[in-house]
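See structure below.
The values are calculated or read from the model by the stated rules, or taken from the named source; none is laboratory data. Here the structure is a predicted model, which is why all the values come from computation and not from measurement. So basically every Cβ, Gly included, is an ideal-geometry build from the backbone, and we count neighbours across all protein chains shown.
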Amino acid sequence: MVTPHSFTAKDVCSALGGISRSRIHGWAQLPPFSAIPTTERSARRFTKADLLTLAVLQTLEERFGARATQLGQVSAGIHQYLLTPRQASEEEWVFVSLRNGGVLLVQAQPISEAGWVIDIARERERIDIYLGVAPPQRELLLIANVSQAGL
(Lines give C-alpha, C1' and ligand atoms only; values in the text may rest on other atoms or scores of the structure.)
Protein backbone atom coordinates (compact mmCIF):
# COMPACT_ATOMS: atom_id res chain seq x y z
CA MET A 1 0.00 0.00 0.00
CA VAL A 2 1.33 3.44 -0.94
CA THR A 3 1.44 5.94 1.89
CA PRO A 4 0.52 9.50 0.99
CA HIS A 5 3.14 12.20 1.35
CA SER A 6 2.74 14.60 4.20
CA PHE A 7 4.05 18.12 4.54
CA THR A 8 5.07 20.32 7.44
CA ALA A 9 4.14 23.96 7.99
CA LYS A 10 7.56 24.88 6.57
CA ASP A 11 6.71 22.99 3.36
CA VAL A 12 3.35 24.77 3.16
CA CYS A 13 5.04 28.16 3.61
CA SER A 14 7.38 27.36 0.74
CA ALA A 15 4.65 25.93 -1.51
CA LEU A 16 2.51 29.05 -1.07
CA GLY A 17 5.23 31.51 -1.96
CA GLY A 18 6.86 32.14 1.39
CA ILE A 19 3.81 33.01 3.46
CA SER A 20 4.23 33.27 7.22
CA ARG A 21 3.69 30.41 9.65
CA SER A 22 1.22 32.60 11.53
CA ARG A 23 -1.10 32.56 8.49
CA ILE A 24 -0.91 28.78 8.37
CA HIS A 25 -1.59 28.64 12.10
CA GLY A 26 -4.67 30.83 11.54
CA TRP A 27 -5.96 28.61 8.76
CA ALA A 28 -5.29 25.52 10.91
CA GLN A 29 -7.89 26.88 13.34
CA LEU A 30 -10.56 26.59 10.61
CA PRO A 31 -12.58 23.48 9.82
CA PRO A 32 -11.69 20.75 8.97
CA PHE A 33 -8.17 21.30 10.35
CA SER A 34 -9.43 22.42 13.76
CA ALA A 35 -11.10 19.03 14.27
CA ILE A 36 -7.90 17.06 13.59
CA PRO A 37 -6.20 16.10 16.85
CA THR A 38 -2.61 17.24 17.22
CA THR A 39 0.18 15.78 19.29
CA GLU A 40 1.94 18.06 21.72
CA ARG A 41 5.52 18.94 20.70
CA SER A 42 5.00 17.35 17.30
CA ALA A 43 4.71 19.19 14.00
CA ARG A 44 1.31 19.21 12.32
CA ARG A 45 1.37 17.30 9.04
CA PHE A 46 -0.59 18.25 5.93
CA THR A 47 -1.67 16.13 2.94
CA LYS A 48 -1.73 17.23 -0.69
CA ALA A 49 -5.49 17.92 -0.35
CA ASP A 50 -4.66 20.08 2.67
CA LEU A 51 -2.03 21.95 0.62
CA LEU A 52 -4.59 22.58 -2.12
CA THR A 53 -7.15 23.75 0.43
CA LEU A 54 -4.66 26.18 1.95
CA ALA A 55 -3.74 27.42 -1.55
CA VAL A 56 -7.42 28.16 -2.24
CA LEU A 57 -7.78 29.92 1.14
CA GLN A 58 -4.74 32.03 0.27
CA THR A 59 -6.30 32.98 -3.07
CA LEU A 60 -9.61 33.86 -1.40
CA GLU A 61 -7.79 36.11 1.07
CA GLU A 62 -5.39 37.77 -1.34
CA ARG A 63 -7.44 38.09 -4.53
CA PHE A 64 -10.98 38.32 -3.18
CA GLY A 65 -10.38 39.96 0.20
CA ALA A 66 -12.11 37.17 2.15
CA ARG A 67 -12.22 37.62 5.91
CA ALA A 68 -11.44 34.92 8.47
CA THR A 69 -15.14 34.42 9.29
CA GLN A 70 -15.92 33.84 5.61
CA LEU A 71 -13.02 31.41 5.29
CA GLY A 72 -14.35 29.54 8.32
CA GLN A 73 -17.71 29.14 6.59
CA VAL A 74 -16.26 27.70 3.37
CA SER A 75 -13.00 25.91 4.29
CA ALA A 76 -14.57 22.53 5.11
CA GLY A 77 -16.56 22.53 1.85
CA ILE A 78 -13.44 23.37 -0.15
CA HIS A 79 -11.48 20.61 1.58
CA GLN A 80 -14.27 18.07 1.00
CA TYR A 81 -14.44 19.01 -2.70
CA LEU A 82 -10.68 18.54 -3.05
CA LEU A 83 -10.79 15.14 -1.31
CA THR A 84 -13.39 13.83 -3.77
CA PRO A 85 -11.72 11.84 -6.58
CA ARG A 86 -12.33 13.29 -10.03
CA GLN A 87 -10.78 13.17 -13.47
CA ALA A 88 -8.03 15.72 -14.07
CA SER A 89 -8.98 18.54 -16.37
CA GLU A 90 -7.28 21.60 -17.84
CA GLU A 91 -10.24 23.67 -16.67
CA GLU A 92 -11.84 23.20 -13.29
CA TRP A 93 -13.87 26.17 -12.14
CA VAL A 94 -15.81 25.82 -8.91
CA PHE A 95 -18.42 27.98 -7.22
CA VAL A 96 -17.97 28.48 -3.47
CA SER A 97 -21.27 29.50 -1.87
CA LEU A 98 -21.24 32.20 0.78
CA ARG A 99 -24.70 31.08 1.90
CA ASN A 100 -23.87 27.53 2.95
CA GLY A 101 -20.16 26.97 2.22
CA GLY A 102 -20.93 24.38 -0.45
CA VAL A 103 -18.62 23.92 -3.42
CA LEU A 104 -19.95 22.99 -6.86
CA LEU A 105 -18.27 22.42 -10.18
CA VAL A 106 -19.28 25.28 -12.48
CA GLN A 107 -20.82 24.00 -15.67
CA ALA A 108 -23.62 25.41 -17.80
CA GLN A 109 -25.90 26.00 -14.81
CA PRO A 110 -26.54 29.59 -13.77
CA ILE A 111 -25.33 30.80 -10.39
CA SER A 112 -28.01 32.68 -8.49
CA GLU A 113 -26.42 33.40 -5.10
CA ALA A 114 -23.43 35.19 -3.61
CA GLY A 115 -20.10 33.40 -3.67
CA TRP A 116 -16.76 33.08 -5.37
CA VAL A 117 -15.73 31.33 -8.58
CA ILE A 118 -12.27 29.81 -8.26
CA ASP A 119 -9.98 28.27 -10.88
CA ILE A 120 -9.06 25.04 -9.07
CA ALA A 121 -6.95 23.85 -12.02
CA ARG A 122 -4.69 26.85 -11.46
CA GLU A 123 -4.34 25.99 -7.76
CA ARG A 124 -3.59 22.34 -8.61
CA GLU A 125 -0.95 23.44 -11.12
CA ARG A 126 0.66 25.74 -8.54
CA ILE A 127 0.99 22.91 -6.02
CA ASP A 128 2.06 20.38 -8.68
CA ILE A 129 4.83 22.73 -9.84
CA TYR A 130 6.04 23.06 -6.26
CA LEU A 131 6.01 19.26 -5.91
CA GLY A 132 7.86 18.86 -9.21
CA VAL A 133 4.96 17.02 -10.84
CA ALA A 134 4.21 19.47 -13.67
CA PRO A 135 6.74 21.55 -15.58
CA PRO A 136 6.30 25.32 -15.45
CA GLN A 137 4.39 26.71 -18.44
CA ARG A 138 7.45 28.53 -19.80
CA GLU A 139 9.29 25.20 -20.17
CA LEU A 140 6.36 23.75 -22.12
CA LEU A 141 6.52 26.68 -24.53
CA LEU A 142 10.24 26.13 -25.11
CA ILE A 143 9.69 22.43 -25.81
CA ALA A 144 6.90 23.29 -28.27
CA ASN A 145 9.11 25.82 -30.08
CA VAL A 146 11.96 23.33 -30.44
CA SER A 147 9.66 20.68 -31.93
CA GLN A 148 8.18 23.20 -34.38
CA ALA A 149 11.66 24.16 -35.57
CA GLY A 150 12.22 20.55 -36.64
CA LEU A 151 15.06 19.94 -34.19
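For this structure, a couple of remarks:
- The conditions of being in a strand (DSSP E or B), touching a residue at least 24 places away in the same chain (Cβ under 8 Å) and either in contact with an Asp or Glu (Cβ under 8 Å, 6 or more places away or on another chain) or farther than 23 Å from Val133 by Cβ (or both) are met by Val96.
- Search result, residues across segment 99-117 that are out of contact with any Asp or Glu (no Cβ under 9 Å at 6 or more places or on another chain) and in a strand (DSSP E or B): Val103, Leu104, Gly115, Trp116, Val117
- The residue that is farthest from Val12 (Cα to Cα), counting only those in segment 83-99 that are surrounded by 11 or more Cβ atoms within 10 Å (Cβ to Cβ) and out of contact with any strand residue (DSSP E or B) (no Cβ under 8 Å at 6 or more places or on another chain), is Ser89.
- When segment 61-80 is filtered for residues that are part of a helix (DSSP H, G or I) and more than 15 Å from Phe33 (Cβ to Cβ), the ones remaining, listed by number, are Glu61, Glu62, Arg63, Phe64, Thr69, Gln70.
- Considering Val74, Val117, Val103, the condition of being over 16 Å from Thr8 (Cβ atoms), among the hydrophobic types (A, V, I, L, M, F, W, C), modelled with pLDDT of 90 or more and in contact with a helix residue (DSSP H, G or I) (Cβ under 7 Å, 6 or more places away or on another chain) is satisfied by Val103 alone.
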